[in-house]
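Peer 1: My questions will all concern the structure given below.
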Amino acid sequence: MSTPPPPADNDPVVPNPTYMGYIRGIFTQDDIDHMAPKGVDLSTYAGVKKNAINVYIQTLQPGGPMPPAPYPKWSANRSLNFKAWIVDKYPLGTAEPHFAAFDAVAAPTAGARLRKDVNSLSADEIKTLKAAFQGIIALDASQPNNPNGYYQVAGIHWFPTDLYCQHHVQQYNPWHRLYVRTFEDALRSIPGCENVTLPYWDIATYQLPQLFSEPPFNQYTAPQGVGNGYPVPFATSRYDDATIVQNLRGNDVAGSIRDALQQSRFGSYETGGFQKFIIQAHDDGHVSTGRTMRDQGVASFDPIFWFFHCNWDRLFLSWQTLVNGTTLNGFKSTLDGDTSWLDFPQLQPWTQSSADAVPAEPDVRYAQLATEVQALQHRVGSIDAFRSFSIAPSSRVSVRVKNINRLNIPGTFVVKLLADGEEVARHAFFQPSTPEKCPTCKEHGLVPIDFHVDLEKVQGRKMSVAIEVPDQEEVGAAFPLSQAGNPTINARLLLEEA
Ligand SMILES: [Cu+2]
């Protein structure tokens, strides 16, 4: 944890202890495993808070029976710190940014996968990467049922399998971690490419690597149809580099990534935290890159998808490192609410659960993590009433367009926030062109889009919202709000614990 407590006989007194800054670090894996069968959850904020008084009594010396021998009992200072946390009404606090766990270029051990920035590859590495891509594309024709073939692996994302899409849900990050690895394994199945790794595209630089314009990374043609409404043969396409860069800037993708990495809690797409911002940045990245990438049904056929998603995995690992969430229990300590999604359902088509996929993969390194974050924060729209709170000093306001019925919208859409008719912000929502046929989409039919904007940009101005479905001639650029389920608008100032 961020402030790992020293041996129990030597704890310092911690002023104003918080859960994220101190308390979560007290409980070891053994403590958590030992108490879980007794119905005492020591792995989450909610669990420790619920059992706090009991934990305090059971561990207080002399005489408290916990932890059992041979584990050391709590020191007097540790008990004092814990009691102070209870008396102060269980402050959640924020994690201390932590950088040490997976620093930079650890020397690759045998079999380790060092994933590099796509711009930093040597001529030899580029040659091998091309051979690997060409190799799995060639399998499409020579061995159409080989699971390492490009069409087969890309097809997992949506067509023709239709089942596995995991977006805007808790499983989004772990599911895509397995997916990136599966693709990398496919590349490694090609003779001579056994040690190849997938490089990442650092999208926040707003630069398109030159390599993306070279075959086989510039374009892919599927060996067969990809589903209703798509041309046969199906060939991927994307916007030109200048348009992509302009779109990335317009959607403020780097800003959302920065916001994501500063979050102390994992959160969710609906409520905030890391997930809110990283999924937003991901969606905006897809729509910015277009045209194939904009459509969830076929996005993974564009070779750029793999460099793009390798980077989201790098950012997930970066954030995990910052908040001390690279182990399962470290990660769990950043969760709110129900954590059962970690164990069930499994991440189809693989057999692993999210709990298996969340811990940092021991053999994966990124040449550089994005951990240059000064301080972490926990700013939310609502806070427990028993806590004192303050209004975040930067006076950012959260404008939420709520209850957008995405099932009525034919594909990925963009929501624009206008002040006096002029665009102040825009964000995308990434989905298939026929969301009404997607089981995950149907479960989450009503979705929000959140804008975090400076109060001064919107104060006293006439605000409005527009939905657009880019590049869909049939419905036109402007999509009527009445057909999108008559969404409503919410605005609130962001709060933080005082
Ligand atoms: Cu994606």
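Peer 1: Given the criteria more than 16 Å from the ligand (Cβ to nearest atom), over 27 Å from Thr321 (Cβ atoms) and at pLDDT 95 or above, does Phe234 qualify?
Peer 2: no
Peer 1: Please identify the pairs in which a residue from segment 276-303 that is over 25 Å from Leu335 (Cα atoms) and in contact (Cβ under 8 Å) with a residue 40 or more places away in the chain has its Cβ atom under 8 Å from the Cβ atom of a residue that is surrounded by fewer than 24 Cβ atoms within 10 Å (Cβ to Cβ) and of a type in the set (Lys, Arg), counting only partners at least 6 apart or on another chain.
Peer 2: Sorted first by the residue in segment 276-303, then by its partner, the pairs are Thr289/Arg238; Gly290/Arg238; Arg291/Arg238; Thr292/Arg238; Met293/Arg238; Asp302/Arg238.
Peer 1: Now, a different point. Say we look at segment 263-287 and pick out the residues that are farther than 18 Å from Val414 by Cβ and either under 9 Å from the mean Cα position of the chain (by Cα) or not in a loop (DSSP other than H, G, I, E, B) (or both); which of these is nearest to the ligand (Cβ to nearest atom)?
Peer 2: Ile278
Peer 1: Which helices (runs of 4 or more DSSP H) does segment 149-262 wholly contain that include 1 or more residues that are more than 19 Å from Asp283 (Cβ to Cβ)?
Peer 2: 150-155, 172-188, 241-250
Peer 1: Okay, moving on. Would you confirm whether or not segment 225-234 contains a residue that is in contact (Cβ under 8 Å) with a residue 40 or more places away in the chain, within 30 Å of Ser353 (Cα to Cα) and in the same structural domain as Ala123 (by TED's automatic domain parsing)?
Peer 2: The answer is yes; a qualifying residue exists.
Peer 1: May I pose another question? Would you point out the residue of segment 297-331, among those that are hydrophobic (A, V, I, L, M, F, W, C) and more than 16 Å from the ligand (Cβ to nearest atom), that is farthest from Gln246 (Cα to Cα)?
Peer 2: Only one residue fits best here, namely Leu328.
Peer 1: Checking Ile409 against (1) touching an Asp or Glu at 6+ places or on another chain (Cβ under 7 Å); (2) more than 16 Å from the ligand (Cβ to nearest atom), which single condition isn't satisfied?
Peer 2: (1) is the only condition that Ile409 fails.
Peer 1: Which one of these does Arg294 not meet: (1) among the basic types (Lys, Arg); (2) away from the ligand (no atom under 16 Å from the Cβ); (3) more than 25 Å from Pro97 (Cβ to Cβ)?
Peer 2: Here Arg294 meets the rest and fails (2).
Peer 1: Pick out, from segment 346-425, the strands (runs of 3 or more DSSP E) lying fully within it that include 1 or more residues that are among the aromatic types (Phe, Trp, Tyr).
Peer 2: The strands (runs of 3 or more DSSP E) meeting that bar are 364-366, 389-391, 413-419.
The values are calculated or read from the model by the stated rules, or taken from the named source; none is laboratory data. Just so it is clear, the structure is predicted and the values come from calculations on it, not from any experiment. FYI the Cβ positions are ideal-geometry reconstructions off the backbone, even for glycines, and counts take in every protein chain you see.
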